[in-house]
Amino acid sequence: MTSAQQRAALQRQIWQIANDVRGSVDGWDFKQYVLGTLFYRFISENFASYIEADDESIHYDELPDRVITSDIKEDAIKTKGYFIYPSQLFATIAANANTNESLNTDLAGIFSAIEGSANGYPSEPDIKGLFADFDTTSNRLGNTVKDKNLRLAAVLKGVAGLDFGDFAGSHIDLFGDAYEFLISNYAANAGKSGGEFFTPQHVSRLIALLAMHKQSRVNKIYDPAAGSGSLLLQAKKHFDEHLIEDGFFGQEINHTTYNLARMNMFLHNINYDKFNIQLGNTLTDPHFDGDKPFDAIVSNPPYSVKWVGSDDPTLINDDRFAPAGVLAPKSKADFAFVLHCLSYLSSRGRAAIVCFPGIFYRGGAEAKIRQYLVDNNYVETVISLASNLFFGTTIAVTILVLSKHKPDTTTQFIDASGLFKKETNNNTLADEHIDAIMAVFDSKANSDHFARSVPLDEIAANDYNLSVSSYVEAKDTREITDITALNADLKTTVAKIDRLRVEIDAIVAEIEA
């Protein structure tokens with residue numbers, strides 16, 4: 001079986017488990033248990049692999065807890081960020097899950113112990129609360145302890161039965177892929193809420209490529225609306241790890257999604273000292289002011305959400321918003337996220353941001369912000385994408401690429417609305433579509449009906465409208481009509497009608513006679 005076939009089989013199996021085990025529980029509500037269990041297995045095997053250090057004589061799961069010295073524990077926590085005793089390993093608990101009458105409380109204790117092992121160490125903020133949404137006492141699992149334990153045991157057994165192979169190389173990749181697959185499936189079935197925490201991988205890849213284009217290295221990569229971390233992880237997936245020198249940074253406002261993002265980092269083998277995901281409102285309580293600037297910024301912020309805006313008079317003096325001289329409208333925070341990204345961007349980097357298309361042509365404060373961005377030469381490219389590429393919305397979104405190192409004052413517009421592959425529920429970007437976008441992004445060449453670089457004065461004369469359709473003429477796909485041939489056909493048709501009329505008149509005259 002090829003690696004692709006193995007992945008596909010594994011993904012089918014894990015989704016089947018997720019659906020079979022949840023029973024009558026809504027899939028969206030149940031996702032934390034499947035994702036959390038997969039994470040529990042991963043960190044258990046990852047930790048055991050670290051302790052064993054390829055020494056075939058050591059089987060960590062067979063050791064008694066009492067032989068673990070304080071030095072071993074401390075060294076492990078400093079390296080891995082957490083500690084798991086042999087008796088707490090996933091395999092140990094899963095093996096006896098069906099007969100363990102205190103399974104739910106045992107799991108709660110283990111999760112608390114794993115999180116608590118990091119207390120007082122640098123990894124504490126990255127480990128704390130990771131299992132907060134894995135509530136083993138929740139009535140979603142059943143009304144009685146027995147019912148809860150039956151469902152928990154079924155999840156543990158199901159995940160234990162997944163064949164990831166030995167813990168090395170491709171095994172780690174399979175774990176990460178399985179987690180991403182589960183998240184994407186939950187997002188696809190969650191309606192509008194799904195799109196709020198997960199950006200489809202094909203779009204994530206394009207955004208990562210845009211943000212990191214022609215950068216041989218970046219100091220760090222940042223997402224101010226991180227969701228489950230999918231955008232950050234695409235950067236890791238498509239570039240050598242050494243390219244991102246100081247790690248992955250992100251902020252997320254939703255607590256559950258914040259935990260998913262941190263788990264996602266671990267599951268893609270990004271150690272605690274290489275990522276920093278924070279919880280909070282990026283616009284009013286931003287983190288990482290001391291870590292900026294960032295060479296690469298990727299983001300798919302929520303579209304046109306409300307924010308405090310002008311109701312907080314201090315914001316107009318905020319370093320992020322003050323240069324534009326105006327705040328984004330209270331009812332539409334899109335440009336607040338854009339200005340935040342610009343403020344955190346380094347002089348050599350790029351930001352690639354998914355935006356609601358309305359912000360590129362509406363008037364008022366948004367027009368003033370567009371003028372600020374264009375006049376200061378920060379807008380490198382505006383790309384319109386096809387509709388129905390994202391979960392929970394069918395709108396055709398736009399990618400805004402910001403740069404502080406443009407070689408000239410032109411702005412590039414790309415109409416990629418015709419590039420998509422039709423799928424069952426959503427459209428997707430195929431590799432050839434992404435390649436076509438990146439090729440013209442790189443060359444900045446003009447291409448009829450596809451791409452055009454526009455001088456600043458033309459944009460200014462157009463009231464700083466940044467809609468792609470204002471500068472790239474759509475291809476006329478209507479059938480071309482040959483007027484000369486049409487007239488000839490009409491003349492022939494009229495002649496036939498005249499002959500028929502003569503013949504009909506003759507027949508009528510003969511009858512009447």
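What follows draws every value from the coordinates through simple rules; no lab data is involved. On a predicted model such as this, the values are computed, not experimentally measured, just so you know. We place every Cβ from the backbone using ideal geometry, glycine too, and count neighbours over all the protein chains shown.
Restricting attention to the chain, close to 50% of DSSP beta bridges with both partner residues there are antiparallel. Backbone amide hydrogens, once placed in the peptide plane, bring residue 250 within less than 5 Å of 223, 276, 277, 278, excluding anything fewer than 5 places away on its chain.
Here the stretch 228-268 yields Rg over Rh of 0.98, to two decimals, using C-alpha coordinates and the Kirkwood radius. Between the helical axis of 483-512 and the longest alpha-carbon principal axis of the chain there is an angle of about 60 degrees.
Per residue, the chain reaches -14000 deg cm²/dmol at 222 nm when only DSSP H runs of four or more residues are counted, each adding -39500 (n - 2.57). Between residue 331 and residue 462, the modelled label-to-label distance comes to 2.6 nm, taking each label 7 Å out from Cα in the direction of the beta carbon.
Our estimate of slack between residue 147 and residue 512, defined as 0.36 nm per intervening residue step minus the Cα-Cα distance, is 121.9 nm. Amide H contacts of residue 412: 381, 382, 454, each under 5 Å away and 5 or more positions distant or on a separate chain (H built 1.01 Å from N in the peptide plane; Pro and chain starts excluded).
Any chance you could give the angle, 0 to 90 degrees and rounded to 10, that helix 365-375 forms with the longest Cα principal axis of the chain? Once rounded, the angle reads 90 degrees.
Across q = 0.12 Å⁻¹, the stretch 297-455 modelled as identical point scatterers on its alpha-carbon atoms has Debye log10 I(q)/I(0) values of -0.54, in the order of the q list. For the stretch 145-162, 3J(HN,Hα) computed residue by residue from phi via the Karplus equation (6.51, -1.76, 1.60; θ = phi - 60°) reads 4, 4, 5, 4, 5, 4, 6, 4, 4, 5, 5, 4, 5, x, 5, 5, x, 6 Hz, glycine and proline entered as x.
The trypsin sites (Lys or Arg not before Pro) of the stretch 433-483 that DSSP puts in a loop, and whose beta carbon has at most 13 other beta carbons within 10 Å, are 475, 478. Relative to the dominant Cα principal axis of the chain, helix 103-116 is inclined by about 90°. The mean of 1/r over all pairs of different alpha-carbon atoms in the stretch 199-252, once inverted, gives a Kirkwood hydrodynamic radius of 11.0 Å.
Quick one: which of 314-322, 126-134 comes out on top by average Cβ neighbours within 10 Å, and what's the full order, highest first?
Descending packing order for the listed peptides: 126-134, 314-322.
Counted residue by residue at 0.36 nm each, then reduced by the alpha carbon distance between them, the extension gain from residue 255 to residue 504 reaches 81.3 nm.
Both the radius of gyration and Dmax for the stretch 340-431 are 14.6, 43 Å, in that order, over alpha-carbon atoms.
Cross-link check: pairs 237/421; 220/404; 31/214 evaluated at a Cα-Cα cut-off of 27 Å; pairs beyond the cut-off: 31/214. Residues in the stretch 214-233 near a label at residue 243, defined as backbone nitrogen under 13 Å from the 7 Å Cα→Cβ point? From the stretch 214-233, the list is 214-221, 233. Using R0 = 35 Å, the C-beta based FRET efficiency linking residue 78 and residue 214 works out to 0.40. Just one of [x] 1.01; [y] 1.13; [z] 0.96 is Rg/Rh (Cα atoms, Kirkwood Rh) as worked out from the coordinates here. Which one is it? Looking at Rg/Rh (Cα atoms, Kirkwood Rh) for this model, the match is [y].
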